[in-house]
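Below is one structure; the comments refer to it alone.
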Amino acid sequence: MAVLIDLNKEKADILKFTRPGDYVVFFHNLSGEFTFSLNSTGINVDIFGLYIGARSSDFVIRTKQHHVSSETTSNLLIKGVFYDDSRFNYQGLIRIENNAQKSHAYQKNQNITLSPNVFIESKPYLEILANDVFCTHGSTTGRLDQNQLLYLKSRRIEKEKAQSLLIEGFLGDLLRKVQEKIPQFDYNIKSYHKLAD
Amino acid sequence: MNQPNLNFNYKYGFSMPQKYVFKAKKGLNEEVVAAISTMKKEPVWMTEFRLKAFGIFKEKNMPNWGADLSRINFNEIFYYIKPTNKQVNKWENLPKEIRETYDKIGIPEAEKKYLMGVSAQYESEVVYESVNKQLSKQGVIFCDMGMAVKKYPDIVKKYFGSVIPASDNKFAALNSSVWSGGSFVYVPKGIKVKLPLQAYFRINAEQFGQFERTLIIVEEGGYVHYVEGCTAPVYATDSLHAAVVEIIVKKGARVRYTTVQNWSKNVYNLVTKRSRVEEDGIMEWVDCNIGSQVTMKYPSCYLMGKRARGEVLSIAFSGKNQHQDAGAKMLHFAPDTSSRIISKSISKDGGRTSYRGLVQVRPGAKNSSVYVSCDALILDDRSRSDTYPDMKIKETDINVQHEATVEKLGEEKLFYLSSRGINKTESEGLLVNGFIDPVAKEIPLEYAIELNRLINLEMSGSVG
Amino acid sequence: MQTQSFRPTYAGRNNLPRTEKMEDKTPLLILKNLSVNITGKKILKNIDFTFHKNKIYAIMGPNGSGKSTLAYTIMGNPSYVLEKNSSILYKNKEIQADLPDKRAKNGIFLSFQNPLSLSGVNVFQLLRLALSGIKDPLTVKEEIEKYARLLKIDLELTERSLNDGASGGEKKKLELLQAVVLNPDLQIFDEIDTGVDVDALKIIAGFIKQHKHNKTYIIITHYNRILKYIRPDVVMVMIDGKIAKTGDYRLAETIEKKGYEKLRTL
């Protein structure tokens, strides 16, 4: 059974994992600097961050997936949707120390921009000092998939509705991933996203 | 001893009669800068340019990021040395590893000697002559930068320092004040230069100068491919190389700049390379870093015009005591622009490779697309690999994609190759060459072959 | 006394009892008390078996029986751990401590069940390196082209990254191509008939048969398809990491009809 850590409630900025097991960290619209330190063999951490930027919200978030022990896995996914004049500045570091061999680390940041005044800065950093590891990260920033929009419009769904459908699908996908690991998690997108006005 | 051929010098503008031997002096001040300009008999505007740049150099701070540059002592460096003193002029005086490498990668005797500055410049003279004949028919100019300042002042004045001003960074300022050597290439409208222009075609004993300055201008619709460097290790007694390369790609033009760098392992290689790309222009940097102790190099494209395209393909290999801190910068200023960065790096024996990249999509760069892919191989547990990409996006209707992977050579793949009778070292060499193949195949064939052989050598640990 | 003259043994072709002289039974590969652990789990359990020169062996068995493990063990996969007192003798020498490339150089070849893609490395580069000092590059190139044509492999596939974008059948054919150019004495084919369409299988089987002279084959098969084209001299059935039964080609037919269940040792 995985353990859920709600970072909005926890208020901790360094999470040191010392017991083997599966952990899930979740946060929403959170700014700050957070370190996830994996200090024992057999630790698996899934980190999920959800961002919805509207009006002039300004998020600055730094995360560090720090692998200190061998055979540890971390997997970070941050998805954001940004409207109006919102700003999002994300720096994510994966650091694998020399004796954290046989570790796997993943990081993905996906951002959808819905206004020309949005500013996104994304810095996915890697510092790898061990060799028997596998590590990958990815970052994509852009608008909604135009093909998908076209498809929905061709089904007589008007632009506004199509857009919000896609956005909810995009964000909902992350929430479902959390719920797969934490059955009691509220993955209803409506709890987080109200249509921007 | 190696005496410069007086006639030859006169012919190519190296007007330095033997009696005026510049006394090499360590350290840098206004006097030295002015003296350099005087020795070269430069026009006043260039002397002023140098002095101004020196002022900036004094003020500027060292970069507080990147590789460790703390061991550079500006006062211990010779800023102008007669070319013939710089090259090791006896084959036997070369360090053993360098000599062995030449042998192993099969460089013919004559070329070996040429690279060491030992041979008579006769051979290269002949090649240069014939290349130049073809080029001048098309109106293409290809010569030493020093000569261009005197022979083509109008063009040079217009563009020199326009892409990389002295104020850009400390090493650009240094180069701007003490530059010497480098290439000047001018391609007129609509002309496509078929033959790749090679740095060693231009006759200048300062082949491997410390502070080379290159300026390439390609007018509308033109095309040129410039190749610099060589895979054979270049032994340099000086340890600081701060070069500047400026490239102007006009509307619809295309430029490819290929570098294969294999400086000896005592060198700090700090290079500022940038290109300004106008509407429908294409700039391609192919950058290969194998040598030097420290390299900091980020070929850049400023995509100024609609539909401009930039591409950086890079390979970095770090062995013992090396740090390759390299990458790319793509700045999108105009709509419908696109860029692509492919980086392949390998670290071994305690080496460290760092990819450092900047992608900026500015307001107005609507409908731009960017794709960055960085893959790194770490071959043992003493080595290190970093990836530091930075994406700053302030526009919508764009698509920016970045992905990176760090891993070791696959066990299954090594076993597969082993099952075919290939031993471990050779298997690793084969896989590493396969890993860099997407970039290596863009390098002109003769360099690519040598590059493969060099990588195999580095892999087997038989190169110092 | 009747002297039995030597007759080439076309396995089962004319239904005559096979004449086997002493010379025909030279041991090539001997497995003694072979037990193998993978990540702590015992997969092969005390296997004793002798493979003789110039014979065709078929190894059959349900999923998880250890067929592939046996093949990988003979080839020398470094992540497999052999238990003490396990030994493998090849041409009368112990090879269990040898690295795979040494075994390959001594004449052992394994056609992988799932051949990997090697980006940036094509079959010519691979074989040229494997045969450096043994065959010159030009010969290697010519042989690749010759056998590619015979195997009906698109020549373009040989110039591309190995197995990149190749179909199941093409990958298996490329394995066979490497086998014939490397020319080893002992060739192990790990499920060369799996994931391969009928036409490709016919070509592969025909090719293997054509080149069997002076070769010892170990054909591992799951669906027994290839045995329709090549008749084995000996059939070995593996279940749960052990040899459950051995026999001649008729054993294969029995299994085809009745399945493996009857053979499971209690």
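The values are calculated or read from the model by the stated rules, or taken from the named source; none is laboratory data. The shown structure was predicted, so the numbers you read here are calculated from the model rather than taken from an experiment. No Cβ is skipped: glycine too gets one built from the backbone with ideal geometry, and neighbour counts run over all protein chains shown.
C:ASP98 satisfies every condition listed in (1) more than 18 Å from C:ASP190 (Cβ to Cβ); (2) surrounded by fewer than 16 Cβ atoms within 10 Å (Cβ to Cβ); (3) within 14 Å of chain B (Cβ to nearest Cβ) except (2). Selection of region C:81-117 for residues being over 23 Å from C:THR50 (Cα atoms) and touching a Lys or Arg at 6+ places or on another chain (Cβ under 6 Å) yields C:PRO115, C:LEU116. Looking across region B:377-405, the residues that are assigned to a loop (DSSP other than H, G, I, E, B), within 7 Å of another protein chain (Cβ to nearest Cβ) and over 20 Å from B:THR337 (Cα atoms) come down to B:LEU379, B:ASP380, B:ASP381, B:SER383. Hey, does region C:235-256 have a residue that's of a type in the set (Ser, Thr, Tyr), touching a helix residue (DSSP H, G or I) at 6+ places or on another chain (Cβ under 9 Å), closer than 17 Å to C:LYS209 by Cβ and outside any helix (DSSP H, G or I)? No, that holds for no residue.
Among residues of region C:109-130 that are facing chain B (nearest Cβ under 7 Å) and without any contact (Cβ under 8 Å) to a residue 24 or more places away in the chain, those with a beta-carbon under 9 Å from a residue that is of a type in the set (Lys, Arg) and buried (at least 20 other Cβ atoms within 10 Å of the Cβ) at least six positions away or on a different chain give the pairs C:LEU129/B:ARG420.
Residues to consider are C:SER111, C:SER86, C:SER65; find the one that is buried (at least 18 other Cβ atoms within 10 Å of the Cβ) and more than 18 Å from the chain's Cα centre (by Cα).
Answer to the check: C:SER86.
Please specify each residue of region B:258-279 satisfying the condition of being closer than 16 Å to B:GLU450 by Cα and not in a strand (DSSP E or B).
B:ASN262
For A:ARG62, the requirement of being in a strand (DSSP E or B) and without any contact (Cβ under 8 Å) to a residue 40 or more places away in the chain is met.
Residues in region A:103-139 that are in a strand (DSSP E or B), among the acidic types (Asp, Glu) and farther than 25 Å from A:ILE167 by Cα: A:GLU127 alone. A Cβ distance below 6 Å, combined with a sequence gap of six or more or placement on separate chains, defines the contacts here; from region A:135-156, residues that are more than 16 Å from A:ASN111 (Cβ to Cβ) and at the interface with chain B (Cβ under 7 Å from one of its Cβ atoms) reach residues that are in a strand (DSSP E or B) and small (Gly, Ala, Ser) in the pairs A:CYS135/A:ALA105. Residues in region B:416-458 that are surrounded by fewer than 21 Cβ atoms within 10 Å (Cβ to Cβ) and in a loop (DSSP other than H, G, I, E, B) were compared, and the one that is nearest to the other protein chains (Cβ to nearest Cβ) is B:ASN423.
Restricting attention to region B:278-299, the residues that are under 17 Å from B:LEU358 (Cα atoms) and over 12 Å from the mean Cα position of the chain (by Cα) add up to 2. Of all residue pairs spaced 6 or more apart or on separate chains, those with beta-carbon atoms under 7 Å, a first member in region A:23-38 that is over 19 Å from A:ASP173 (Cα atoms) and a second member that is of a type in the set (Asp, Glu) are A:GLY32/A:ASP13; A:GLU33/A:ASP13; A:PHE34/A:ASP13; A:THR35/A:ASP13.
Scoring B:LYS413 on the criteria (1) within 14 Å of chain C (Cβ to nearest Cβ); (2) assigned to a strand (DSSP E or B); (3) not β-branched (Val, Ile, Thr) leaves a single failure, condition (2). Counting only strands (runs of 3 or more DSSP E) that sit completely within region B:300-366, those holding 3 or more residues that are within 18 Å of B:THR259 (Cβ to Cβ) correspond to B:309-318, B:323-332, B:338-347, B:352-361.
Listed by first and then second residue, the pairs with beta-carbon distance under 6 Å, at least 6 apart or on different chains, first residue in region B:43-70 and among the basic types (Lys, Arg), second surrounded by 11 or more Cβ atoms within 10 Å (Cβ to Cβ), are B:ARG50/B:VAL33; B:ARG50/B:SER37; B:ARG50/B:SER177; B:LYS60/B:LYS170; B:LYS60/B:ALA173.
Among the criteria (1) at the interface with another protein chain (Cβ under 9 Å from one of its Cβ atoms); (2) farther than 28 Å from B:GLY364 by Cα, the one A:THR113 does not fulfil is (2). Per the listing C:SER68, C:SER86, the residue uniquely touching a strand residue (DSSP E or B) at 6+ places or on another chain (Cβ under 9 Å), at pLDDT below 95 and closer than 20 Å to C:LEU176 by Cα is C:SER68. What tally of residues in region C:165-188 results from selecting those that are in contact with an Asp or Glu (Cβ under 7 Å, 6 or more places away or on another chain), within 13 Å of chain B (Cβ to nearest Cβ) and small (Gly, Ala, Ser)? The total comes to 0. Within region A:31-62, if we keep just the residues that are within 11 Å of the chain's Cα centre (by Cα) and over 16 Å from A:ILE120 (Cβ atoms), the residue that is surrounded by the most Cβ atoms within 10 Å (Cβ to Cβ) turns out to be A:ILE47.
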